[in-house]
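**Q** Please find one structure pasted underneath; my questions will follow.
The values are calculated or read from the model by the stated rules, or taken from the named source; none is laboratory data. Every value quoted in this text rests on a predicted model; they were computed, and no experiment measured them. Neighbour counts run over all protein chains shown; Cβ positions are idealised from the backbone, glycine included.
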Amino acid sequence: MSYLVLARKYRPRRFEDVVGQEVITRVLRGAISEGRIGHAYLFSGPRGTGKTTTARIFAKALNCEQGPTGHPCGTCARCVASDAGQEFDVIEIDAASNTSVNDVRELRDQVAYAPLEARYKIYIVDEVHMLSKAAFNALLKTLEEPPPHVIFLFATTELHKVLDTILSRCQVLRLAPIREEEIANRLTAVFAAENVRAGDGLVEELARRARGGMRDALSLADQLLALAGDAPQLADLSRLAGAGGPKESEELLERLLENDRARIFDAVASYAGREAELATGLLEVVRGALVAALCGENSPLVEGGAEAGARLAALARRLGAERAELWLAELLRARERMRGLAGQERIVLESTLLDLARPESGMPLLPLVARLEALEARLSGAVVAPPVASRAPAATPPPAAPRAAPAVAPPAAPRRSAAPAAPAAPTSEADAPVEVPRPPQRPTAAAAPARAPVETAPAAVGPEVLDRAAALLRPRQPALAELLARKGRVDGIEGGTLRLGLTNLAEADRRLVEDRRNQRVIERALSDAAGQELVLELALGTPAPRQAAPEDTFTRGVADLFGGRIEEL
């Protein structure tokens, strides 16, 4: 007799044996006991979660000679034939091999015939999403109003590919991935029945690698028993399927946090051919760290027990919830790109991990926004620049001692506030307002009692102040710098007020200097260049005369011909 794999040998035959789908089995047994048996059911869920198995058990329960019953006897002719796969009235169809309209037409013709021996004629259609759209449409009428002796049971792993018109005619039952604890308990029972002595942690690791599918867990167990015999150990599983546990994924994440790029290449190379498995493992660990950070390490959502919860919580403290969310999104995108770039999975994963290893890639967004706002405030205000050498050797401003100073030295003058008459505390340049509510006013005697009026000849300091102010403005306001350098002149400095004359301004230049924000920037640059607080007073000359365009003889001739006139625009 040929060997029967564990997935087939230990396939559930009763509702009680189905693992991890208590809600689904309760619905089906309730439909039987309440007499509410539908004519079409659709089972959807990931692979290996029991879709086809549950459909077979339901079909056996409906046709049991003791029923319909939620607890089929398993001994009557109908149950025995169903368990052996020899029930003529239970027809299993592979939709992937019967996708055309002709196959559905043949099915419709058979539906009209009564069952041979059983109570119901039941059609189990596996992977129903593989049917073509035309085949789905050909099935609609039969599915909506089948004969009373016919029941359809559909199964699919891709529910989104099934037409809505089909879904509306079925009772959709969604099977969930099986939890690791339930898979581990089932594997323990199977190993006990097979007299297998599993090593410590082996069953838990098999359950983790199954990723919610009981069939995957049993298939991997079959391979392991073929490799290691009746006493497999955790090391044997690593030899069979390679490293891939949560500890390896956590170590790789530690390398990312330390920006150890050489170790990143080594880790990806050890997963040659299994890059998708590595990406999935990293996703699970990052998600676990995020859950531990937001819900606590003792949350039931953290899988793996108290020890795993403590490790994930420690990783979450280093990683941070915001960075964990960012890494989760990037790893998801990388896995999608790997599916679309067959043969380039290693390069895609390496480039993604190298990006995540850069410290700035995981920087939280709020501090970045705050730094950008501070930078904008400084660029829009007066940035203190190092002194710029003048073009002439005599550009050094005269010392403060020869100036007429008051008897008592006043404190350092603060930046002007919106009300010059009231003293204000000094503020930093980053906190200085970019725009004042009204144009700067000339201070009165009461507003600035600490500074005595100083008369300075324009020719003495004018060129130096303008040169230095233009140099300060040139990196960030080149247009204003050129205006000061080419068309500006100092008409006088009196009582802390500098009268700046600008002549021969074009209309665009006039609009530029009449903007209050630009006036504020010019005033700050002049104050920094002069080494003291200055209030700007603009004296704008008359606009530059507009040059008349040369007369166009052709246009004049056309105007004379038609009796028109030429207007300047």
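**Q** Given (1) on the phi > 0 side of the Ramachandran plot; (2) in contact with a strand residue (DSSP E or B) (Cβ under 7 Å, 6 or more places away or on another chain), where does S44 come up short, assuming only one miss?
**A** Every listed condition holds for S44 apart from (1).
**Q** Could you check segment 493-509 and list, in sequence order, the residues that are part of a loop (DSSP other than H, G, I, E, B), in contact with a strand residue (DSSP E or B) (Cβ under 8 Å, 6 or more places away or on another chain) and either aliphatic (A, V, I, L, M) or closer than 18 Å to D467 by Cα (or both)?
**A** T503, L505
**Q** Among the residues of segment 510-538, what is the count of those that are acidic (D, E), more than 13 Å from A469 (Cβ to Cβ) and under 46 Å from the mean Cα position of the chain (by Cα)? Before you say what the answer is, go through the steps one by one.
**A** Within segment 510-538, the subset acidic (D, E) is 514-515, 523, 528, 533, 537.
The next check asks that each one be more than 13 Å from A469 (Cβ to Cβ); those that pass are 514-515, 533, 537.
The next check asks that each one be under 46 Å from the mean Cα position of the chain (by Cα); those that pass are 514-515.
Selection size over segment 510-538: 2.
**Q** Could you grab the pairs with beta carbons closer than 8 Å, sequence gap of 6+ or different chains, first residue in segment 279-290 and more than 8 Å from A324 (Cβ to Cβ), second one not in a helix (DSSP H, G or I)?
**A** T280/R211; G281/G244; G281/G245; G288/V302; G288/E303; G288/G304
**Q** Tell me, yes or no, whether segment 138-153 has at least one residue that is at positive phi, among the charged types (D, E, K, R) and within 46 Å of the chain's Cα centre (by Cα).
**A** Within segment 138-153, the subset at positive phi is none.
Looking through segment 138-153, none of the residues is at positive phi, among the charged types (D, E, K, R) and within 46 Å of the chain's Cα centre (by Cα).
**Q** Filter segment 466-512 down to residues that are among the β-branched types (V, I, T) and at pLDDT 80 or above, then give me how many there are.
**A** Taking segment 466-512 and keeping what is among the β-branched types (V, I, T), we get 490, 493, 497, 503.
From what's left, at pLDDT 80 or above: 490, 497.
Residues that pass the stated criteria total 2.
**Q** Let me ask something else about it. What pairs come up if the first residue lies in segment 90-113 and is closer than 17 Å to I151 by Cα, the second is in a loop (DSSP other than H, G, I, E, B) and among the aliphatic types (A, V, I, L, M), and their beta carbons are under 7 Å apart, counting only those six or more places apart or on different chains?
**A** Every condition considered, the pairs that remain are A95/L131.
**Q** Would a scan of segment 119-142 turn up a residue that is in the same structural domain as L42 (by TED's automatic domain parsing), within 20 Å of F15 (Cα to Cα) and not in a strand (DSSP E or B)?
**A** The answer is yes, given that some residue of segment 119-142 is in the same structural domain as L42 (by TED's automatic domain parsing), within 20 Å of F15 (Cα to Cα) and not in a strand (DSSP E or B).
**Q** Show me the helices (runs of 4 or more DSSP H) found entirely inside segment 215-304 where at least 1 residues are within 30 Å of E194 (Cβ to Cβ).
**A** Numbers: elements: 234-241, 246-257, 261-269, 275-295.
Correct list: 234-241, 246-257, 275-295.
**Q** Give me a count of the residues in segment 304-320 that are aliphatic (A, V, I, L, M) and surrounded by fewer than 16 Cβ atoms within 10 Å (Cβ to Cβ). Spell out the reasoning first.
**A** Looking only at segment 304-320, we keep the residues that are aliphatic (A, V, I, L, M), and these are 306, 308, 310, 312-316, 319.
Those still in the list that are surrounded by fewer than 16 Cβ atoms within 10 Å (Cβ to Cβ) too: 306, 310, 314.
Of the residues in segment 304-320, 3 are aliphatic (A, V, I, L, M) and surrounded by fewer than 16 Cβ atoms within 10 Å (Cβ to Cβ).
**Q** On to the next question. Cβ-Cβ below 9 Å, separation at least six or inter-chain, first residue in segment 540-569 and at pLDDT 60 or above, second in a loop (DSSP other than H, G, I, E, B) and among the basic types (K, R): which pairs?
**A** That search, which allows pairs on different chains as well, returns A559/R565; E568/R546.
**Q** Would you mention how many residues in segment 313-329 are touching a residue at least 40 places away in the same chain (Cβ under 8 Å) and part of a helix (DSSP H, G or I)?
**A** Within segment 313-329, the first condition is being touching a residue at least 40 places away in the same chain (Cβ under 8 Å), and the residues that meet it are 315, 318-320, 322-323, 327-328.
Okay, now just the ones that are also part of a helix (DSSP H, G or I), so 315, 318-319, 322-323, 327-328.
Qualifying residue count for the region: 7.
**Q** Then there is this: Scan (1) of a type in the set (G, A, S); (2) modelled with pLDDT of 90 or more; (3) surrounded by fewer than 17 Cβ atoms within 10 Å (Cβ to Cβ); (4) outside any loop (DSSP other than H, G, I, E, B) for the single condition G38 breaks and write down its number.
**A** (4)
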